[in-house]
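Novice: Take this structure first; my questions come after.
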Amino acid sequence: MENINILLVDDENSYRNILSKRLLKRGFSLFQAESGEKCLQIIKDNKNKLDIVVLDIKMPGLSGIETLKQIKKKYFDLEVILLTGHSSTTDGIEGIKAGAFDYLSKPIEIDHLASKIKQAFDKLLWIRGKREEKKLKLKMEEQMVATERLASLGTLSTGIAHEINNPLAIINEAAGFMKLILEKKEMLQIPRLNDLNMALDKIEIGVERASRITHTLLGFVKKQTAVVSKIDLKLLIDETLELLVSDIKNRDLKIEKNIYLSTGIIWSDPYEIRQVLLNLFLNAVHASKKKGIIILTLEDCDNNIILTIQDFGHGIPKENFKKIFEPFFTTKDVNKGTGLGLFISRRIMEKLGGKLEVNSDVEIGSIFKITFLKVNVFDNTKNEESSLWANVLNKIKGETKI
Ligand SMILES: Nc1ncnc2c1ncn2[C@@H]1O[C@H](COP(=O)(O)OP(=O)(O)OP(=O)(O)O)[C@@H](O)[C@H]1O
Ligand SMILES: [Mg+2]
């Protein structure tokens, strides 16, 4: 039997004690109170621990009915069974109207009380189940809204990116042309030549930033069919680090690699995995202080391969954990970050059936954890494509569009 916590409320000590002992013998857990006031206090002190209140109606001070009304007003996760005087049905009916589960007339038949308690508990379990279901549904709905919002934002922004590319190219051309004109001899005399040149520089910087954003967005959606091949993660990590050599040197950073794997072979899309690695490595480099260290750890865990990227940089405030995965969220200078790196990296990992998670403490550092899905791990013993593998392939192929 499930553990049922009962609060027994009766002002007659001897009667209450006898009833308690009998209920204990039947396997219930018991709290006791000698008045309505004490009953409310115990409920307040033991929130979430109680299930059923067995409540005497006739008590000095706060009556049973009054106590019941207060319970029902404040606590929706309790059922109340009333104990009324002999043949006092009007009290019982008033109690049911006030929300009691049922009432029993004294003298109480203990088995009768025990079965009423179980019925009341069943009702409680049903209500709790329904509540949990509702909560879960709400959470799923929220998640779906968020996913849809992101998906439509993705489609919308890539559409805009396409449209913006042409005017950007025209602006860039025109700025370059104006610069050429300003370099001509006859132009050296015109007033505020310097200001004009500076304004043109600003236009070019702005155009470059806008182009970076459009290219990142377009790069993400352009490739609609995934190129799936065998990847040696260790090699891919080294190759990706090669691309960052100058950033790493400029900051005098040390990269420590801990590899606890016999084979780091997975089947996936190397271009996309490289994009994720590049984003994460670059973020860690940008966050690190000079002469800092970045630790990369590659290990097996329940047949998944996990890569963690740990830095000891400025860290991320907890309230930003969600935001950093949203498009265009960046704390970097206007010309340094587009805020798309993590958004795209997470989308890629989820599409490939893996995960990208973060943990961080401000001023201590951050750990980004990439989980490569179990079925993406290449099994040396089977050289043929397994059905699991075929499923993964289909999943990747089918979900490459955003
Ligand atoms: N390792 C890290 N340490 C501290 N903050 C980080 C780290 N990685 C990401 N962040 C925070 O998350 C934000 C979003 O990162 P994200 O990679 O999405 O964009 P970004 O790096 O700003 O720009 P880009 O699009 O060029 O990558 C960053 O601006 C930064 O505030
Ligand atoms: Mg980034």
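The values are calculated or read from the model by the stated rules, or taken from the named source; none is laboratory data. None of these values were measured; they are calculated from a predicted model. All Cβ positions, glycine included, derive from the backbone under ideal geometry; neighbour counts span all protein chains shown. Side chains are part of the model used for accessible areas, which takes the heavy atoms of the whole protein and leaves out ligands, DNA and RNA. Shrake-Rupley method; radii C 1.70, N 1.55, O 1.52, S 1.80 Å.
Novice: Determine whether residue 44 is within 35 Å of the chain's Cα centre (by Cα), surrounded by fewer than 22 Cβ atoms within 10 Å (Cβ to Cβ) and more than 22 Å from residue 125 (Cβ to Cβ).
Specialist: On the way: within 35 Å of the chain's Cα centre (by Cα): yes; surrounded by fewer than 22 Cβ atoms within 10 Å (Cβ to Cβ): yes; more than 22 Å from residue 125 (Cβ to Cβ): yes.
It is true that residue 44 is within 35 Å of the chain's Cα centre (by Cα), surrounded by fewer than 22 Cβ atoms within 10 Å (Cβ to Cβ) and more than 22 Å from residue 125 (Cβ to Cβ).
Novice: Something else about it: What number of residues in segment 344-353 are within 19 Å of residue 310 (Cα to Cα) and either open to solvent by less than 70 Å² (accessible area, probe 1.4 Å) or over 17 Å from the mean Cα position of the chain (by Cα) (or both)?
Specialist: Filtering segment 344-353 down to residues within 19 Å of residue 310 (Cα to Cα) leaves 345-346, 349.
Still in the running and either open to solvent by less than 70 Å² (accessible area, probe 1.4 Å) or over 17 Å from the mean Cα position of the chain (by Cα) (or both): 345, 349.
Number of matching residues: 2.
Novice: Of (1) part of a loop (DSSP other than H, G, I, E, B); (2) touching a Gly at 6+ places or on another chain (Cβ under 9 Å); (3) surrounded by 13 or more Cβ atoms within 10 Å (Cβ to Cβ), residue 55 satisfies all except one. Which?
Specialist: (1)
Novice: Out of segment 265-292, which residues are open to solvent by 50 Å² or more (accessible area, probe 1.4 Å), under 13 Å from residue 345 (Cα atoms) and within 10 Å of ligand 2 (Cβ to nearest atom)? Walk me through it before giving the result.
Specialist: Quick first cut of segment 265-292, residues open to solvent by 50 Å² or more (accessible area, probe 1.4 Å) only: 267, 271, 274-275, 278, 282, 286, 289-291.
Checking the rest, the ones that are also under 13 Å from residue 345 (Cα atoms) come to 271, 274-275, 278, 282.
Residues satisfying the conditions are 278, 282.
Novice: Also: Could you say whether any residue in segment 238-252 is of a type in the set (Lys, Arg) and away from ligand 2 (no atom under 16 Å from the Cβ)?
Specialist: Applying the first criterion (of a type in the set (Lys, Arg)) to segment 238-252 yields 249, 251.
Next, from what is left, pick out any that are away from ligand 2 (no atom under 16 Å from the Cβ): 249.
Looking through segment 238-252, at least one residue is of a type in the set (Lys, Arg) and away from ligand 2 (no atom under 16 Å from the Cβ).
Novice: Given the criteria assigned by TED's automatic domain parsing to the domain that holds residue 340, closer than 29 Å to residue 336 by Cα and either at pLDDT below 90 or of a type outside the set (Asp, Glu) (or both), does residue 236 qualify?
Specialist: On the way: assigned by TED's automatic domain parsing to the domain that holds residue 340: yes; closer than 29 Å to residue 336 by Cα: yes; either at pLDDT below 90 or of a type outside the set (Asp, Glu) (or both): yes.
Taking the combined requirement at face value, the residue satisfies it.
Novice: Return the residue satisfying two criteria in turn: it lies in segment 192-220 and is β-branched (Val, Ile, Thr) and open to solvent by 30 Å² or more (accessible area, probe 1.4 Å), and of such residues it is modelled with the highest pLDDT.
Specialist: Of segment 192-220, the ones β-branched (Val, Ile, Thr) are 203, 205, 207, 213-214, 216.
With the extra rule that they be open to solvent by 30 Å² or more (accessible area, probe 1.4 Å), the set shrinks to 203, 205, 213, 216.
Working: 203: 94, 205: 89, 213: 78, 216: 73.
Checking each candidate, the answer is 203.
Novice: Checking the structure you have, find out if any residue of segment 357-368 is under 23 Å from residue 269 (Cβ atoms), open to solvent by 10 Å² or more (accessible area, probe 1.4 Å), near ligand 1 (Cβ under 6 Å from one of its atoms) and out of contact with any Ser or Thr (no Cβ under 7 Å at 6 or more places or on another chain).
Specialist: Here is the first cut: in segment 357-368, the ones under 23 Å from residue 269 (Cβ atoms) are 357-358, 368.
With the extra rule that they be open to solvent by 10 Å² or more (accessible area, probe 1.4 Å), the set shrinks to 357-358, 368.
Narrowing further to those that are near ligand 1 (Cβ under 6 Å from one of its atoms): none.
No, that holds for no residue.
Novice: Also, I was wondering about something else. Step by step: first the residues of segment 321-350, then only those that are more than 9 Å from ligand 1 (Cβ to nearest atom) and among the acidic types (Asp, Glu), then the one that is farthest from residue 213 (Cα to Cα). Which residue is that?
Specialist: So, considering only residues that are more than 9 Å from ligand 1 (Cβ to nearest atom) and among the acidic types (Asp, Glu), the one farthest from residue 213 (Cα to Cα) is 350.
Novice: How about segment 295-337: which of its residues are within 14 Å of ligand 2 (Cβ to nearest atom) and either open to solvent by less than 20 Å² (accessible area, probe 1.4 Å) or not in a loop (DSSP other than H, G, I, E, B) (or both)?
Specialist: Correct list: 309, 311, 313, 320, 323, 324, 325, 337.
Novice: Filter segment 26-41 down to residues that are basic (Lys, Arg) and over 19 Å from residue 120 (Cβ atoms), then give me how many there are. Spell out how you get there, then give the answer.
Specialist: Taking segment 26-41 as the starting set, the residues that turn out to be basic (Lys, Arg) are 26, 38.
Still in the list and also over 19 Å from residue 120 (Cβ atoms): 38.
So the count comes out to 1.
Novice: Suppose we filter 109, 183, 148 for residues that are at pLDDT below 90 and open to solvent by 60 Å² or more (accessible area, probe 1.4 Å); which single one remains?
Specialist: On the way: 109 fails: at pLDDT below 90; 183 fails: at pLDDT below 90.
Just one listed residue meets the conditions, 148.
Novice: Name every residue in segment 74-95 that is exposed (fewer than 15 other Cβ atoms within 10 Å of the Cβ) and not in a loop (DSSP other than H, G, I, E, B), in order of residue number.
Specialist: Listed by number, the residues that qualify are 74, 89, 90, 93.
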